[in-house]
Amino acid sequence: MQLIKLDATPSTNSYLKELMRGVNLDDFTVVVCEHQTKGRGQQGNIWISERGKNLIFSVLKHIERVKTKNAFALNAMVSLAVYDTLRTFKIPQVSVKWPNDIMSGNKKICGILIENTLKGNDLKKSIIGIGLNVNQEVFSELPHASSLKCETGLEFDLELILKAILVQLKKNFERFEGANQKEILNIYNTVLFKKGVPAKFLTADGKKFIGVIVGVSEFGKLEIQLKDGTLCRFGFKELVFVY
Ligand code: BTN
């Protein structure tokens with residue numbers, strides 16, 4: 001495994017993307033930095049992280065024998081790698097908020113941005129960007145954000161957590177490439193945030209409603225049961241949680 005350590009860069013995902021243009025990078029090349037000047041989140045959001053306090057890194061993964069339509073299973077597998085690692089560090093009430101936010105209780109402690117390169121119907125390469133809030137204590141204007149330190153009162157060693165996540169990611173990738181994608185989705189469905197309890201949602205066209213999460217389908221749609229028993233499916237970008 002090649003590990004590139006940087007002081008600052010606009011975004012570790014963008015750094016890997018640029019680097020890939022010039023050279024053939026090894027599988028599992030990792031870029032980690034102290035500070036991002038233009039950290040990127042999902043749906044064009046920005047990712048802000050206090051210098052030196054948190055884990056900010058991206059992993060390049062070469063993918064074999066996985067169809068584009070199964071991209072959600074990859075997403076689930078990455079989320080589970082972070083979930084499993086945080087459980088071993090005894091972080092309280094860890095869950096995965098669909099599609100891939102990692103929560104402790106009602107607070108988001110980790111965001112994941114996966115950017116795939118495709119060839120026809122196949123996934124070829126994946127840049128897996130992970131921002132885990134570790135020792136940051138103040139999140140002004142981010143009422144739903146938290147860190148491992150805020151949730152446990154303890155200071156954590158960033159390198160130790162990075163190593164543990166990378167080991168778990170490797171393990172999960174082996175399972176993933178061994179065509180166990182259904183099994184991964186089943187496990188993902190057992191650790192879903194707010195599963196089985198009434199929760200509020202807002203659709204992209206501005207409708208608020210209450211429903212109960214039943215699970216996530218094979219292709220990554222969130223399945224919600226409404227009060228009248230109807231089952232609705234929502235894709236990423238079609239829905240947000242209100243909490
Ligand atoms: C989200 O929850 O919106 C996803 C956040 C992903 C942040 C990480 S930090 C490392 C990598 N580099 C980026 O620019 N973004 C991801």
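The values are calculated or read from the model by the stated rules, or taken from the named source; none is laboratory data. Predicted model, so just to flag it, every value in this text is computed and none were measured. Positions of Cβ are generated from backbone atoms using ideal geometry, with glycine treated the same way; all protein chains shown enter the neighbour counts. To get the accessible areas, we keep the full protein, side chains included, count just its heavy atoms, and leave off ligands, DNA and RNA. Shrake-Rupley method; radii C 1.70, N 1.55, O 1.52, S 1.80 Å.
Any idea how many residues of the range 209-226 are open to solvent by 30 Å² or more (accessible area, probe 1.4 Å) and out of contact with any strand residue (DSSP E or B) (no Cβ under 7 Å at 6 or more places or on another chain)? Final tally of qualifying residues: 2.
Residue-by-condition table, conditions (1) under 19 Å from the mean Cα position of the chain (by Cα); (2) part of a helix (DSSP H, G or I); (3) at pLDDT 95 or above:
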position	(1), (2), (3)
Q168	yes, yes, yes
R175	yes, yes, no
L185	yes, yes, no
F241	yes, no, no
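Could you tell me whether any residue of the range 49-64 is open to solvent by 30 Å² or more (accessible area, probe 1.4 Å) and not in a loop (DSSP other than H, G, I, E, B)? Within the range 49-64 (the criterion being open to solvent by 30 Å² or more (accessible area, probe 1.4 Å) and not in a loop (DSSP other than H, G, I, E, B)), the answer is yes, since at least one residue qualifies.
If you check E18 against the conditions, is it within 14 Å of the ligand (Cβ to nearest atom), acidic (D, E) and more than 30 Å from S146 (Cβ to Cβ)?
Numbers: within 14 Å of the ligand (Cβ to nearest atom): yes; acidic (D, E): yes; more than 30 Å from S146 (Cβ to Cβ): yes.
Against the criterion (within 14 Å of the ligand (Cβ to nearest atom), acidic (D, E) and more than 30 Å from S146 (Cβ to Cβ)), E18 qualifies.
Being among the aromatic types (F, W, Y) and within 13 Å of the ligand (Cβ to nearest atom) narrows it down to one residue among F28, F57; which is it? Break it down into steps so the answer makes sense when it comes.
On the way: F28 fails: within 13 Å of the ligand (Cβ to nearest atom).
Answer to the check: F57.
Return the residues of the range 227-239 that are open to solvent by less than 60 Å² (accessible area, probe 1.4 Å), farther than 16 Å from V197 by Cα and either in contact with a helix residue (DSSP H, G or I) (Cβ under 9 Å, 6 or more places away or on another chain) or assigned to a strand (DSSP E or B) (or both); say none if nothing qualifies. Result: F234, L239.
Only one of I114, I184, I128 is within 14 Å of the ligand (Cβ to nearest atom), open to solvent by less than 30 Å² (accessible area, probe 1.4 Å) and within 30 Å of K67 (Cα to Cα); which? Don't jump to the end; show me each part of the working.
Working: I114 fails: open to solvent by less than 30 Å² (accessible area, probe 1.4 Å); I184 fails: within 14 Å of the ligand (Cβ to nearest atom).
None of the other options fit; the residue is I128.
Filtered by the rule that a residue be in a strand (DSSP E or B), open to solvent by 70 Å² or more (accessible area, probe 1.4 Å) and free of Cβ contacts under 8 Å to residues at least 40 places away in the same chain, the range 4-41 gives K5, D7, E34.
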